[in-house]
Amino acid sequence: MSTGQGGRRVLVVWCPDWPVVAAMAEDGDTKPDAVTAPAAVLAANTVVACNEAARSEGVRRGMRRRDAQSRCPELRLIENNPDRDARAFEPVVVAVEELRPGVAPLRPGLLAVHAPGRFYGGEGSAGALIAEQLVRTGVWDCRIGIADDLFTAEQAARQAHPQDTVVVEAGGSAAFLRELPVSVIDDAEVAGLLRRLGLRTLGDFAQLDGGDVQARFGGYGAKIHRLARGEDDSRLGARTPPPDLECQIRFEPPLDTVEAISFSVRRTAERFVTQLAARGLVCTEVLIEAECDHEIASSRVWAHSRWFGAADLVDRVHWQLRGQLRSTSGGMGVSAPVELVRFVPDTVEPTAAHAAGLWGGGTDERVERAVARVQGMLGHQAVTVPAVQGGRSPGDRQAFVPWGERPVGLRPAELPWPGSLPPPAPARIYTEPRPVAVVDQRGRLVWVSERGVVSAPPARFRTSDDGGTGGTGGSRGSGGSRGWQPITAWAGPWPVEELWWENPASWVARFQIVGVDGRAWLMTCADDGWYIEAAYD
């Protein structure tokens, strides 16, 4: 039998119980004796991973939280976090890439690579070298398997001891898999079905005729049958190591003025932009760090509405150091000499996504630079731009985002918002609602009952700027005739009752009202009177 992967052997690195290891590493528990306490990772109150100490107490994957705690009362429970697991596994992938490029991460805790046997003096020596590299990284329990195909190499790694390597001879995959139980198949439903059919081992399943398996189990069953026979034809989806796009400059001796630092980083900024352009990329968010006395004294992520050029980066360095690293005497210099400035691309995008339109368009570059400079002088949150989000009232629908940043964490506008206004939306929203009085034909203040019934059709209104009382105190008496404007059209009411469990009196009804002069207003009727909330253009 020829080896898989076009004659290339496969090496698999398996780190058991990785979700538990990643959680403990995040808490600082990286020593071997720190994992002796039983721990389990839960998702939807179900155990998805547990360590050996928990398994010795009877805890198993798929067990409910209540059952696991009854087996092991001192069990440490950890919430499932796939992002944490992947983040903690990245150093493991990088460590293996230093010895053998072309690593294929299969999932957090499991990776594969073409076995570098001859280069390191044999496959066993290569596995030992990789295990030693991972131990230096802080991964104590790593197990390595080498075989002709991916499935067999993974099963070999699962048979290995910590920091040990199991090598399956070339052409020996079928013999190695023959005695393994069908439970090693990563599909509990298929494994259970095979056991009910009396097939206890992979060898029993492999002896069946391939055509019969195809007819009985379909294409998926036929694939598992090929795995059991040691004929896995899966190819490694090796990742390309991401290029190191950050640039830095070290000052010898350190510089103590903002102007000198800004002048000195210009060539580094040009190199940063040039290496991105060579890969067809532009940077829209950049992390700028400055080190003083071997510690990061200033760190900030800057965003650009288009992309950063070299001049933009130099300006950001100047504004950042000028705004954040003040001297203790109150001057404009930095508080300590700066020995290093680093540019780290936080967000990069293809250059084609930011190509200029055929007829121009977009924001004037001079305006962008002026606004960004004001932001650097006044603070990151001082200059904002409006954005639309979901909400019932016009005020709830607007959000202010710092200039240059993408809106994140906004309420989805496409969701249904019961009680929200029908389109069109008002163009101008008042920060403080303006008091107004709305009366009917007989001069009595219009009001809305708790059932949303209007006392009478609105006929006239007058704002407080016109000399009226503004309809305060919920009075339903008549008003004067000076400054009143007739109403030509109105729509509503739209009753809105929000947070009634906190404020039972927070009931309002909204109206759209058009005056005789053609202007349209959004007005609210509340218990304490009428108010103009927004205006339509």
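The values are calculated or read from the model by the stated rules, or taken from the named source; none is laboratory data. Since the model is a prediction, treat every value here as computed from it, not as a measurement. Quick reminder, even Gly has a Cβ in these numbers, built from the backbone with ideal geometry, and neighbours come from all protein chains shown.
Can you tell me which residues in region 94-129 are surrounded by fewer than 21 Cβ atoms within 10 Å (Cβ to Cβ) and more than 17 Å from Gly145 (Cβ to Cβ)?
Of everything in region 94-129, those that are surrounded by fewer than 21 Cβ atoms within 10 Å (Cβ to Cβ) and more than 17 Å from Gly145 (Cβ to Cβ) turn out to be Val94, Ala95, Glu97, Glu98, Pro101, Gly102, Arg118, Phe119, Gly121.
Any chance region 76-83 includes a residue that's within 30 Å of Glu123 (Cβ to Cβ) and touching a Pro at 6+ places or on another chain (Cβ under 8 Å)?
No, the conditions are met nowhere in region 76-83.
Given Pro504, Pro486, which one is modelled with pLDDT of 80 or more and not polar (S, T, N, Q)?
The unique qualifying residue is Pro486.
Just wondering, is there one or more residues in region 206-220 that are surrounded by fewer than 16 Cβ atoms within 10 Å (Cβ to Cβ) and among the acidic types (Asp, Glu)?
The answer is yes; a qualifying residue exists.
Taking the residues in region 281-313 that are small (Gly, Ala, Ser) and within 22 Å of the chain's Cα centre (by Cα) as candidates, determine which candidate is modelled with the highest pLDDT.
The residue in question is Ser299.
Name, by its number, the condition in (1) touching a strand residue (DSSP E or B) at 6+ places or on another chain (Cβ under 6 Å); (2) at pLDDT below 90 that does not hold for Thr257.
(1)
Out of region 407-457, which residues are of a type in the set (Asp, Glu) and surrounded by fewer than 16 Cβ atoms within 10 Å (Cβ to Cβ)?
Glu414, Glu432, Glu450
Does Arg216 count as in a loop (DSSP other than H, G, I, E, B) and outside the structural domain of Val286 (by TED's automatic domain parsing)?
The answer is no for Arg216.
Considering every residue within region 114-123, establish whether at least one is in contact with a helix residue (DSSP H, G or I) (Cβ under 8 Å, 6 or more places away or on another chain), within 26 Å of Asp27 (Cα to Cα), of a type in the set (Gly, Ala, Ser) and modelled with pLDDT under 90.
no
Do we find that Phe176 is out of contact with any Leu (no Cβ under 8 Å at 6 or more places or on another chain), part of a helix (DSSP H, G or I), among the aromatic types (Phe, Trp, Tyr) and surrounded by fewer than 16 Cβ atoms within 10 Å (Cβ to Cβ) in this structure?
Taking the combined requirement at face value, the residue does not satisfy it.
When region 314-363 is examined, which residues are found to be at pLDDT 55 or above and loosely packed, with under 11 Cβ neighbours inside 10 Å?
Ala352, Ala353, Ala355, Ala356
Using the structure shown, decide if Asp186 is touching a residue at least 12 places away in the same chain (Cβ under 8 Å), under 18 Å from Arg158 (Cα atoms) and in a loop (DSSP other than H, G, I, E, B).
It is false that Asp186 is touching a residue at least 12 places away in the same chain (Cβ under 8 Å), under 18 Å from Arg158 (Cα atoms) and in a loop (DSSP other than H, G, I, E, B).
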